[in-house]
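What follows is one structure encoded as structure tokens, with my remarks underneath.
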Amino acid sequence: DVVGKTCYEMYKARDEQCLVCPSQRTFETGESQHHEEVLIAANGDNVAVAWFSAANNGPVVRVRMSQDGGANFGATLEIAAGRLAGYVGLTFIDNGTVAVSWVGRAASGNNVLQLRTVTIDGTPGDTRQVADIEQLRVFPQLGYQDGQLFLFWTDVRNGHSRMHAARV
């Protein structure tokens, strides 16, 4: 039941308010607020940073790569833009490639989980639609083990919450 729950309890699985809280700022100012969510993954000296932003009503998922432990980063790459909700995931799938996931909207209007790979030199792979989802606010988690990439998420269908997994 979500009645009486805070956003950080429901969407972040936290016990306390986020340090940067756009909801609180919205109530304080009466104006729309946004906050970028940043994820970092490392594999040896290779580092990837991915984030979602909806600044200026322009939802976008971006990534930057480093090959020297984060001392220097390559160009910012736009992974996805347009009809996005964010909820980005990030993991290395080998020493030179990351997988980035996010929640978006298909042309049909359905919510979808999407995924794209990016090599350490900044070469993006094709965007793949992994699954249709009912909820917009899901927190997909990427995992890589024994040469296989998995995407896990919870979705509600017909009033029942279920855990899902896809090998991608």
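Backbone amide hydrogens, once placed in the peptide plane, bring residue 154 within less than 5 Å of 139, 164, excluding anything fewer than 5 places away on its chain. Around the amide H of residue 149, modelled in the peptide plane, lie the amide H atoms of 168, all under 5 Å away and 5 or more residues distant in sequence or on another chain.
Our helix-only sum for the chain, with -39,500 (n - 2.57) per DSSP H run of n ≥ 4 divided by its residues, gives a mean residue ellipticity at 222 nm of -2000 deg cm²/dmol. Shown in residue order for the range 144-153 are the 3J(HN,Hα) couplings computed by the Karplus curve 6.51 cos²θ - 1.76 cosθ + 1.60 at θ = phi - 60°: 10, 8, 6, x, 10, 9, 10, 10, 10, 7 Hz (x for Gly and Pro). In this calculation the C-beta distance from residue 78 to residue 17 is compared with R0 = 45 Å, giving a FRET efficiency of 0.90. Counted by Cβ distance under 12 Å from residue 120, the other residues give a net charge of -3, where Lys and Arg count +1 and Asp and Glu count -1. In this view, the solvent-accessible surface of residue 168, computed with a 1.4 Å probe and all protein chains in place, comes to about 40 Å². I need the calculated FRET efficiency for the pair residue 56 and residue 107, taking r as the beta carbon distance and R₀ as 35 Å, to the nearest 0.05. That gives a FRET efficiency of 0.90.
The values are calculated or read from the model by the stated rules, or taken from the named source; none is laboratory data. All of these numbers come straight from a predicted model, not from anything done at the bench. Cβ coordinates were reconstructed from backbone atoms using ideal geometry, including for glycine residues, and neighbour counts include every protein chain displayed. Note: accessible area is taken over every heavy atom of the protein model, side chains too, but ligands, DNA and RNA are not part of it. Shrake-Rupley method; radii C 1.70, N 1.55, O 1.52, S 1.80 Å.
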